[in-house]
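Read through the structure below, which is laid out as structure tokens, and then see the notes.
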Amino acid sequence: MTSVPDAAPPLGELRGGWARGALRLVAIPLLTAACWVAWLAAGVGRGGAQRREAMVRTWAQAMTRILNINIERLGDPPERPFLLVTNHLGYLDVMVLMTLVDAVFIAKREVRGWPMFGPLARIVGTIFIDRESTRDTLRVAAAMSGALAAGRGVVLFAEGTSGDGSRVLPLRPALLDGAARSGWPVYVASLSYRTGPGDPPAAEVLCWWGDMTFLPHLVGVCRLRRSHARVAFGERPVLAADRRILAGRLHEALTRSFVPSGHAN
């Protein structure tokens, strides 16, 4: 059977996409700069963790409005202190989750140097990790324990990398060792994305994975008319005394609530 290529979008729509993208690419740094000025004026550096988290949540909510990302929440976020394990689809995950939970995130060390996102990550006390270093894993595990002991929430992308949204990848058990040994209850939240009619599939423009580079991907996100993010919180915590068993149970819990990221209709 001969396939018929999709009809090309109208020229006006193409121009609209570029215009929309350009406006958002201007609005994003302006919003971030305005937030920086407001935070400095309010003495954010002298404020407590909860105050900083509230300020960054305001930024994240404004960002999702600029990008026209509709966030669907299923279930309730856990009460602090908590360890929340989620699947990972890219940098948008942090922005989406920041609108729903106040927490410290575990992120790869490269995020420190990202424009805009790096400074924001440092403000909320993000714990950066070199995933190739066993010694650094021990340091991060200790930092996670300290954050939980201080009554904070911790978000861990336990897959260790981002995916295309088609499935939940296997979870790495290394950073779950403290939870297993100490008997911490671990919660889950599954993430997925959908694009709107006429836009490219979510795996191509919303999920950030493989060899995709940051700026071209962000441009693609900005050109979308609208996007949909789904966050499903698990009803009950997961417990296990062995980190590998805990990783397996968490993977099962994530898979039960997970919906693959959708393609454009």
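Quick one: how many residues across the range 230-265 are more than 19 Å from R194 (Cα to Cα) and of a type in the set (K, R)? Break it down stepwise before answering.
We begin by selecting, within the range 230-265, every residue more than 19 Å from R194 (Cα to Cα); these are 234-253.
After this cut, where a residue has to be of a type in the set (K, R) as well, the list is 236, 243-244, 249.
Matching residues across the range 230-265 total 4.
When the range 174-188 is examined, which residues are found to be open to solvent by 30 Å² or more (accessible area, probe 1.4 Å) and either in contact with a helix residue (DSSP H, G or I) (Cβ under 6 Å, 6 or more places away or on another chain) or modelled with pLDDT of 95 or more (or both)? Please lay out each step first, then the result.
First, pick out the residues of the range 174-188 that are open to solvent by 30 Å² or more (accessible area, probe 1.4 Å): 174, 177, 181-185, 187.
Within the range 174-188, A174, D177, Y187 meet the criteria.
Counting only residues that are open to solvent by less than 10 Å² (accessible area, probe 1.4 Å) and in a loop (DSSP other than H, G, I, E, B), which one in the range 92-111 is nearest to C222 (Cα to Cα)?
V101
Given (1) more than 20 Å from G160 (Cα to Cα); (2) touching a Phe, Trp or Tyr at 6+ places or on another chain (Cβ under 7 Å), where does Y187 come up short, assuming only one miss?
Going through (1) more than 20 Å from G160 (Cα to Cα); (2) touching a Phe, Trp or Tyr at 6+ places or on another chain (Cβ under 7 Å) one by one, Y187 breaks only (1).
Could you list, in sequence order, all residues of the range 186-224 that are in contact with a Ser or Thr (Cβ under 8 Å, 6 or more places away or on another chain) and free of Cβ contacts under 8 Å to residues at least 24 places away in the same chain?
Matches in the range 186-224: V205 only.
Answer yes or no as to whether T255 is surrounded by fewer than 17 Cβ atoms within 10 Å (Cβ to Cβ) and of a type in the set (V, I, T).
Numbers: surrounded by fewer than 17 Cβ atoms within 10 Å (Cβ to Cβ): yes; of a type in the set (V, I, T): yes.
Against the criterion (surrounded by fewer than 17 Cβ atoms within 10 Å (Cβ to Cβ) and of a type in the set (V, I, T)), T255 qualifies.
So which of R194, R226, R230 is under 16 Å from the mean Cα position of the chain (by Cα), over 24 Å from L175 (Cα atoms) and open to solvent by 70 Å² or more (accessible area, probe 1.4 Å)? Please lay out each step first, then the result.
On the way: R226 fails: under 16 Å from the mean Cα position of the chain (by Cα); R230 fails: open to solvent by 70 Å² or more (accessible area, probe 1.4 Å).
Sole residue among the options that is under 16 Å from the mean Cα position of the chain (by Cα), over 24 Å from L175 (Cα atoms) and open to solvent by 70 Å² or more (accessible area, probe 1.4 Å): R194.
Considering (1) touching a helix residue (DSSP H, G or I) at 6+ places or on another chain (Cβ under 6 Å); (2) in a loop (DSSP other than H, G, I, E, B), say which one R194 fails and leave the rest.
Of (1) touching a helix residue (DSSP H, G or I) at 6+ places or on another chain (Cβ under 6 Å); (2) in a loop (DSSP other than H, G, I, E, B), only one is false for R194: (2).
What's the number of the condition R172 fails, among (1) farther than 14 Å from V104 by Cα; (2) out of contact with any Gly (no Cβ under 8 Å at 6 or more places or on another chain)?
(2)
Report whether or not T126 is open to solvent by less than 40 Å² (accessible area, probe 1.4 Å), β-branched (V, I, T) and free of Cβ contacts under 8 Å to residues at least 60 places away in the same chain. Working first, answer last.
Numbers: open to solvent by less than 40 Å² (accessible area, probe 1.4 Å): yes; β-branched (V, I, T): yes; free of Cβ contacts under 8 Å to residues at least 60 places away in the same chain: yes.
The answer is yes for T126.
Restricting the range 112-147 to residues that are out of contact with any Lys or Arg (no Cβ under 8 Å at 6 or more places or on another chain) and part of a loop (DSSP other than H, G, I, E, B), which is nearest to M63 (Cα to Cα)?
Out of the qualifying residues, it is M116.
Restricting the first residue to the range 76-96 and requiring it to be touching a residue at least 24 places away in the same chain (Cβ under 8 Å), which pairs with a second residue that is among the polar types (S, T, N, Q) and open to solvent by 10 Å² or more (accessible area, probe 1.4 Å) meet a Cβ separation below 6 Å and a spacing of at least six or different chains?
Listed pairs, sorted by first residue: H88/S162; L89/S162; G90/S162.
The values are calculated or read from the model by the stated rules, or taken from the named source; none is laboratory data. These numbers were taken from a predicted model, which means no experiment stands behind them. Glycine gets a Cβ as well: all are built from the backbone with ideal geometry, and neighbour counts include every protein chain shown. Heavy atoms of the whole protein, side chains included, go into the accessibility calculation; ligands, DNA and RNA do not. Shrake-Rupley method; radii C 1.70, N 1.55, O 1.52, S 1.80 Å.
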